[in-house]
1. Set Lys and Arg Cβ to +1 and Asp and Glu Cβ to -1, take the dipole of segment B:879-977 about its Cα centre, and tell me which of B:967, B:947, B:907 lies farthest positive.
2. Evaluate the charge dipole of the protein assembly as shown about its Cα centre and quote only its size in Debye, nearest 20, assuming +1 on the Cβ of each Lys and Arg and -1 on the Cβ of each Asp and Glu.
3. What is the gain in length, in nm to one decimal, between residue B:41 and residue B:913 on full extension, counting 0.36 nm per residue of separation less the C-alpha to C-alpha distance?
4. Please report the relative contact order for segment B:268-385, taking Cα pairs under 8 Å with a sequence separation of at least 6, and give it as a percent rounded to a whole number.
5. For the pair A and B, how large is the buried accessible area, both sides, in square angstrom to the nearest 100, if the probe is 1.4 Å?
6. In segment A:12-54, which residues give up 20 Å² or more of accessible area once the other protein chains are added, compared with their chain alone (1.4 Å probe)?
7. Quantify, in whole percent, the carbon and sulfur part of the accessible surface of segment B:10-116 (1.4 Å probe; protein heavy atoms only).
8. For residue B:626 and residue B:821, FRET efficiency with R0 = 25 Å and r from the beta-carbon atoms, rounded to 0.05?
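The values are calculated or read from the model by the stated rules, or taken from the named source; none is laboratory data. Source: prediction; values computed, not measured. All Cβ positions, even for glycine, are placed from backbone atoms using ideal geometry, and neighbour counts span all protein chains on display. These accessible areas exclude ligands, DNA and RNA; they are computed on the full protein's heavy atoms, side chains included. Shrake-Rupley method; radii C 1.70, N 1.55, O 1.52, S 1.80 Å.
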Amino acid sequence: MRIECPICGSRDRREFYYRGDAIALARPAPDAGDDVWDAYLHLRDNPAGETRDLWQHEGGCGAWLVVTRDTVTHAVHAVELASDVKRAMA
Amino acid sequence: MRIAGRGLVNRDKPVSFTFDGRRYDGFAGDTVASAMLANGQRLMGRSFKYHRPRGVLSAGSEEPNALVTTGVGPASEPNVRATMQEIYEGLAVRSQNAWPSLDLDLMAVNDLASPFLGAGFYYKTFMWPRKFWKHVYEPVIRRAAGLGRLSGGPNADAYEKAYAFCDLLVIGAGPAGLMAALVAARAGADVILAGEDALMGGRLNAENEHVDGQPGHAWAAGVVAELATMDNVRLMPRTTVTGVYDGGMFSALERVNQHRARRGEGAPLECFWRIAAKQSILAAGALERPVAFANNDRPGIMTAGAVRAYLTRWGVAPGKQVAVFGNNDDAHRTARDLAAAGVHVAAVIDSREGVSMEGADFPVLRGAVVCNASGRKELESVTIRTAGGEHKIQADCLAMSGGWNPSLHLTCHLGGRPTWEPDIHAFVPTPGAVPGMHVAGACNGTFSTHGCLAAGVAAAENALEALGRKPEPMDLPQADDAPYNLKPLWSVPGKGRAWLDFQNDVCVKDVQQAAAENFRSAEHMKRYTTQGMAPDQGKNSNVAALAVLADATGRGIAETGTTTFRPPYTPVAIAAMGAGGQGKGFAPERLTTSHAASLAMGAPMVEAGLWYRPSYFPRGQERNWRQSCDREVGFVRKTVGVCDVSTLGKIDIQGPDSAKLLDLVYTNKFSTLKVGKVRYGLMLREDGFVMDDGTCARLGETHYLMTTTTGAAGEVMRHLEFVTQCLHPEWQVHLTSVTEQWAQFAVAGPKSRELLNGLLEQPIDNDSFPFMACGSERLGGVAARLFRISFSGEHAYEITVPARYGAALFDLLVARAEALEGGAYGMEALNVLRLEKGHITHAEIDGRATAGDIGMERMVSDAKDCIGKTMSERPGLRDPERGQLVGLRPVGAVKQLTAGAFLFEAGAEARRENAQGYTTSVGFSPDIGTFIGLAFVMRGRQRHGEVMRMVDHLREIEAEVEICAPVFVDPEGGRARG
Ligand SMILES: [Zn+2]
């Protein structure tokens, strides 16, 4: 598997650290309530299909990335800088 | 028998080698198999289960029979295919799976026991009386079955792994692969051409035919020569592409030095490649399939294509009287090649009726089959069945062909299934099975040379289009375009065992028996009979076994299914895949700048992650580590000690929003920290548990230096990057790990300032440099940073210099400390010192502890949000019943405490349900004069003074302990401020 780092280019997956669902970008407000925090921290879908995950190019530039990929075909559809995604959420 | 004037071996370079200690002569370019055949030696191995005598079946990597062991001692390598091993001067080859010798193998008694060892025998024998299995069958089977043996010694050879990148990976260097590589290379694409064989050209080196008016091998050599001159081409002979992975990744094994005496040259024996290719072309050729008939495993019976390869490639006649048996025109071709080379053709036996073979000066039997073979260690005769009955003819070699199976294995590695192609009675790759892979030539069911060349061009054009390149116009070379005429023949009916899977000793009747016992699916049949489960993964037998299964179950082959092909295509040594990962390659050493000095002082090292740190520094009469440790603790408590603390993570944080970042990641506030001051900080994970702790210094208005624990340095760095990039990309803050750049030493004890003032260019005092101060200093002309922080609780500093000065500074500090009746201290003393002060490490903050558990709930600021704060307020994390950090001291007869022991109420039974806590760290305190410990105990802070049972069930230690405050020395903390 290879990931196209927007900064470094196409790199082997061994250079990347995997964190999990990109929902981690949407940190709730402190007073958002237990259900919201529970969903943020613990509740995850397990789709056969498209996922959006956070990876860090730890063995490279250090950038956190949002990787959109397919768990069935293993195709990587998009790689974006997490900082860009977060800015767009604001 | 070598045939004069034939073959591509170098007759000017004789090479000798040994097989089972006997010398054989061959030529450069020979394999073990070709050289043995040239010497008339047909017996090369014994079969896996029945120990049947076996010779070569093939001339390639699919070889099931001729498995040998090369080398001696730890450098020996079992299960080497004699058809792949090139000979070199001094090569030592041994037969395997035979005892006492290949020629006289007493284990061949298994062959007589074959009625008991058929399909499913492992499962069935378990059903028999237990003692029968245990005392009779199991010992015999375990000793008798199996392939080659490992030496038992460590592998003495060097291996490598490497990455390669290209626009186009061409897999296979036969006519299709060469043509594809040539077209793509001339169009400027970056091409890797990987061929399994030492000599590129594939079947062109084995067939007696012309391409572009030249002998096929000469045309191939010309193309290879052109490719070799091109900068955009990498030729990789002796390289088997073994696997296909996601995103255009391929694994490949290069046999770098398997073909020469390789000791002492430093080059690796094998290299395991990971190849990233934008496009790929599979041109892996095809494998000829045997025909199953009784005793078709006799040495001397081989595939027709192999016979032609030995003849044309190596100039070897595999026999003096060769019979040829087939269901397709390759049988005729083989007979013609043999006759042209002057080899006696005993007969051509063609299972088809009415085929013509003009001008043959040897008997041609049509509508006939070979139904049996005689001669135990060498073929002597074959029995031919015609409409008129059966008769024997003399033959010492039988060339057989049941047709060809495309080598489509790699197209199935991503889960694709092949498609049955009725026209050629074989499976072909399903289009699109691997993204970006184009399939060309025989592996796609195109068997003529002309067809392969044309397919190579077409595949290259498709790949170039995907790469955005244009092919140059090129004329297709003239080549043979004979049609592939075949009438299926999988097995010849009759009595006796007819082999399908030679490597795992699976016969037609085994598959039929599986079907009769209702193991009707291909996967069930495979597991029941073990067909296809040997190292060759059934390359020679899968399709024929399916055909027999289909026949036995009254289905077509297409509906019977296929087996699943998985990587690797051919066996790969774990040593190659894991190259570089042994010993220190698996866990590289991180060494501090004081490492050499510590070793010189006799310090044993302990591992902290990848770091090595001194455990203690033994002196003179000390007989054990405790004496050294007690003395070193005394240095810090009474005079001054020096300790290398460079392994702590150091993260340099700069930018206008640095303070905001720290306020978010630490539970306590850092925006209020004054420049020139240090503060202890606690970090939570977002789920509310403690992640790490450490100090953070404010070096300037927008400049902080964070320290982390040694073990959590990477995790904390990643966390800070996450917060800055994923949660607050609007903040202007930059993070740099500087752990390696600074050497840092603790100088601790009542005389620490006296020591430092002897070195600093500007001496300090308690007013200019109070507790928790930090600043830039100079010593010996070098800029340094000084922090007045204390892990030991004493008046202490940490001084840090650029790493290149670390070794010199350590020597200097230790010498000055010794002059003040102190000295270096190691990890043991460090641990005791922090235990005496109740300072936590990751023994306490093990991922399950909250700030409240460690008594730091007040450090979670009410005035601001922080990572983990919301979730730390969950009721379960605030439960007063949770374990709370306490100190322990022994109060009974047993004075020893152990870490990991459980705590029970006095008088309570030491059972799991009664456990009220557990110890995390213990050590002997010279100050207190006993062992002391830290523990988590339910409601522990209310239980100071209570006596509990400490029980270590594993070490069988029990002690009475008193719960106390987790600070044993200087509870007011006055010493650190003094
Ligand atoms: Zn990157």
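1. Going by the charge dipole, the pick is B:967.
2. The calculated dipole for the protein assembly as shown is roughly 2300 debye.
3. Extra length available between residue B:41 and residue B:913 comes to 306.6 nm.
4. Working: 165 pairs, mean separation 26.7, N = 118.
Dividing the mean separation by the residue count of segment B:268-385 yields 23 percent.
5. For chain A against chain B, roughly 2200 Å² becomes buried.
6. Checking the loss per residue gives A:12, A:14, A:17, A:19, A:25, A:27, A:30, A:37, A:41, A:42.
7. 57 percent
8. 0.75
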